[in-house]
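First up is the structure itself, then whatever we jot down about it.
Coordinate-derived values only; no laboratory data. Everything quoted here is computed from the prediction, not taken from an experiment. Note that we place each Cβ from the backbone using ideal geometry, even for glycine, and neighbour counts take in every protein chain shown.
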Amino acid sequence: MAQPPESPGSPAAVPVPERRSPLATHPVMSLLIAVLLIAMIACTLIVPIYARITPRIGDFPFFYFYLLAYMPVVAIALWVVYALQRRLASQDGGRS
Amino acid sequence: MSHVNTTTFTIVVALFVLVTGIGFAASRWRRAQDMMHLDEWGLAGRGFGTFITWFLLGGDLYTAYTFIAVPALVYGSGSIGFYAVSYTIMAYPIAFIFLPRLWSVSRVHNYVTPADFIRGRYGSRGLALSAAVTGILATLPYVALQLVGIQAVLTVMGVGADSTNTYVKDTPLFIAFVVLAVYTYVSGLRAPAAIAFVKDTLIYIFVIVAVFYIPTRLGGWSHIFGVAQTHFNSISPTTKKPVGTFIPTTKKTGSTQLDFATLALGSALALFIYPHIITGTLAAKRRSTIKRNMSLLPAYGVVLGLIALFGYMAVADPVTKANVTKAGNPQLAVPYLFQHMFPSWFVGVAFAGIAIGALVPAAIMSIAAANLFTRNIFTEFFKPDATPHLQTRVAQWASLVVKLGALYFAVELPHTFSINLQLLGGVWILQTLPMLVFGLYTRWFHRWALIPGWLAGMALGTIAAYKTSTPTTSHWASSSDIVFGFTLYIGITAVILNLAIAVVLTPVLRALKVPEGPDETLQHQYTADPEEAPVPAAAGVGVGSTATASPD
């Protein structure tokens with residue numbers, strides 16, 4: 001196999017030939033990240049949770065309210081995941 | 001040119017001229033020394049930060065087709081149209097997981113297209129070709145649908161010569177298109193990135209105004225939902241079944257919860273492997289740019305949810321409903337709704353937003369398809385020694401051809417056909433999921449197992465979609481099909497078959513000692529975050545496999 005060139009002009013890419021598994025060094029934090037990501041997908045994939053008209057929130061049937069309100073929740077949750085990953089990376093002196 | 005509102009028309013034309021100017025000026029934006037390189041023309045120098053990427057990907061993900069077709073589906077069928085909201089919710093966490101890996105490995109190896117990565121990972125030109133062909137096939141009807149979006153706006157505006165000849169009637173569309181083609185040719189990916197700022201501003205303005213204003217005209221949200229619920233539960237005189245569903249049902253077939261969930265999941269998986277989205281991603285400067293954007297882009301999703309509700313507003317407004325029924329085209333629901341609800345100058349702003357919302361993704365899609373053709377077909381199979389200059393020239397011409405093809409689709413074929421082709425495009429692109437997304441994590445799959453899987457998935461998906469029918473349409477009627485008595489999204493069944501074949505054949509091929517092919521990527525490159533863009537390689541595709549070719 002031809003050895004691929006290390007990306008030239010990027011010293012940052014060189015020093016980490018073997019990354020430690022973040023899972024091994026930070027099991028709790030990694031689990032939290034995984035749970036957050038899976039929960040985000042599951043709570044919209046499992047339609048019976050929200051495929052109902054009642055309770056109405058304001059004038060909105062529950063189904064429609066849920067889907068609209070979910071978007072900002074995803075945004076915040078993904079930002080939390082991103083922040084957690086950054087913290088992990090900075091603890092290890094690595095990068096996100 | 002009958003019944004054209006002068007104010008609306010003037011505003012649309014003025015905004016169109018504005019973005020045309022921006023499109024051409026964009027070639028000077030972040031100007032590189034040598035524009036005749038695919039990294040420059042096709043990826044705008046790989047230097048976009050969080051802010052620009054947000055606009056670029058936002059402009060890329062939410063297209064004119066979204067603004068027209070999602071509410072049209074809601075208008076026609078009810079709750080099932082909201083799968084679009086559910087799938088954008090799912091798409092971000094999914095993309096958050098795999099997209100940074102694709103960015104990193106592509107950055108290190110200078111990959112321009114997803115097929116470049118597949119070639120490098122599996123050392124297989126054939127597998128890369130299958131990904132490239134799928135990408136181009138899936139993108140073409142998508143570009144065509146952007147034109148359908150512009151057409152919808154033009155129709156409602158009353159623009160178009162009074163002629164039965166389609167080519168004369170569609171003159172305004174041609175003009176818009178030629179202008180788009182020329183500035184994409186000149187400025188490459190910089191053009192849509194710059195225009196996306198205008199597009200998003202217009203769209204945010206008209207959506208927010210519409211969401212607060214229209215309900216006050218229609219007697220409030222409770223009235224809108226009430227009318228919609230009654231309407232979709234009523235029995236259609238032609239089919240003897242309910243017109244639609246207001247909430248996904250728990251039945252086995254029809255607009256069920258399972259159909260809703262599989263449509264959403266399949267579309268979410270497909271979304272970020274579309275070539276044009278990957279093009280937008282690879283133009284980002286840093287790995288963190290991608291991650292940040294995954295949490296910033298859902299802001300756009302909120303807008304999509306509100307846009308979907310326009311479908312119910314159109315149902316609740318008797319004038320709009322009468323207009324749409326008379327025209328016999330649900331795609332006109334949103335344009336008619338706006339025309340009836342707003343003063344003509346604001347209609348102009350909204351229509352311009354939709355039309356410009358078509359130009360941005362159409363440009364990116366044609367660039368992505370052109371990159372695929374150039375890198376993975378032309379250079380790979382016909383001219384391995386193509387210089388960067390020649391590659392860029394070929395890509396520029398290919399982008400024109402793609403647009404011409406799309407124009408042909410939009411004008412010649414019936415619109416339902418192009419919409420169904422786009423749905424089929426989703427089914428097709430999903431078949432590259434195993435080789436692309438799974439390939440980012442594991443080299444377990446054998447390259448010759450992935451090809452039969454892909455072929456079977458493509459065939460099953462296409463045949464199943466062809467066989468779907470409704471009382472009014474004999475073929476290509478739906479993207480869902482009944483499997484074992486349950487309504488499911490065809491893309492999901494096809495990709496399951498695809499994976500099953502790859503999983504079964506891999507150990508067989510390995511036992512037969514069929515060559516695995518070289519893998520030029522290394523473990524740590526999938527998490528790498530090089531600060532500088534890689535120095536463009538001289539020629540050839542897939543850097544590693546041609547590593548012997550000395551850099552210029």
Dipole of the stretch B:1-128, positive end: most advanced residue of B:W29, B:G81, B:N110 [Cβ charges, Cα centre]: B:N110
Alpha-carbon centroid distance for the pair the stretch B:249-318 / the stretch B:22-67, whole angstrom: 22 Å
Using a Förster distance of 22 Å, the FRET efficiency for B:W444-A:L31 (Cβ separation, nearest 0.05): 0.35
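Assigning unit charges at the beta carbon (Lys, Arg +1; Asp, Glu -1) and nothing else, what dipole magnitude in debye, to the nearest 20, does chain B show about its Cα centre? Provide the component values of the computation, followed by the final result.
Details: 33 positive and 21 negative charges, 115 e Å.
Magnitude of the dipole: close to 560 debye.
Taking every DSSP beta bridge with both residues inside chain B, roughly what % is antiparallel (nearest 5)? Mind dumping the intermediate values first?
Working: 5 of 8 bridges.
Antiparallel bridges make up about 60 percent of those DSSP assigns within chain B.
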Neighbouring Cβ atoms within 10 Å as the yardstick, rank B:W103, B:W345, B:W41 fewest first. B:W345, B:W103, B:W41
Helix B:171-187 sits at what angle to the longest principal axis of chain B, using alpha carbons and giving 0 to 90 degrees rounded to 10? 30 degrees
With labels modelled as points extended 7 Å from the Cα through the Cβ direction, what inter-label distance (nm, one decimal) is found for B:V401 paired with B:A511? 4.4 nm
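In the structure shown, do any of B:K383/B:K513; B:K291/B:K403; B:K383/B:K403 have a Cα-Cα gap over 30 Å, and if so which?
Distance filter (> 30 Å) returns B:K383/B:K513; B:K291/B:K403.
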Which ³J(HN,Hα) values, rounded to whole Hz and listed in residue order, are derived for the stretch B:423-431 from phi using the Karplus coefficients 6.51, -1.76 and 1.60 in 6.51 cos²θ - 1.76 cosθ + 1.60 with θ = phi - 60°, glycine and proline given as x? 4, 5, x, x, 4, 5, 5, 4, 6
Please list, in chain and number order, the residues 5+ apart from B:S480 or on another chain whose amide H is under 5 Å from its amide H, with Hs placed from the backbone. B:I490
For B:F486, the residues 5 or more places away or on another chain with a placed amide H closer than 5 Å to its own amide H are none
Restricted to the protein assembly as shown, the DSSP antiparallel beta bridge percent, nearest 5, is 65 percent
Where does each of A:S90, B:S295, B:S344, B:S480 land when they are ranked from fewest to most other beta-carbon atoms within 10 angstrom? A:S90, B:S344, B:S295, B:S480
Excluding residues on the same chain fewer than 8 positions from B:K251, give the lysines whose Cα lies under 27 Å from its Cα. B:K240, B:K241, B:K467
What is the distance, in nm, between label points placed 7 Å from the Cα along the Cα-to-Cβ direction at B:T253 and at B:L390? 5.6 nm
Given the candidates B:F174, B:G439, B:L258, the one whose Cα lies deepest towards the positive end of the charge dipole of chain B, counting +1 at each Lys or Arg C-beta and -1 at each Asp or Glu C-beta, is B:L258
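Suppose we look only past 43 Å in the calculated P(r) of the protein assembly as shown. What percent of the Cα-Cα pairs does that tail hold? Display every interim value, and only then the final one.
Details: 40815 of 209628 pairs.
Roughly 19 percent, rounded to a whole number.
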Dipole check, the protein assembly as shown, charges on Cβ (K,R +1; D,E -1), about Cα centroid: among B:L309, B:A386, B:H340 the Cα furthest to the positive pole belongs to B:L309
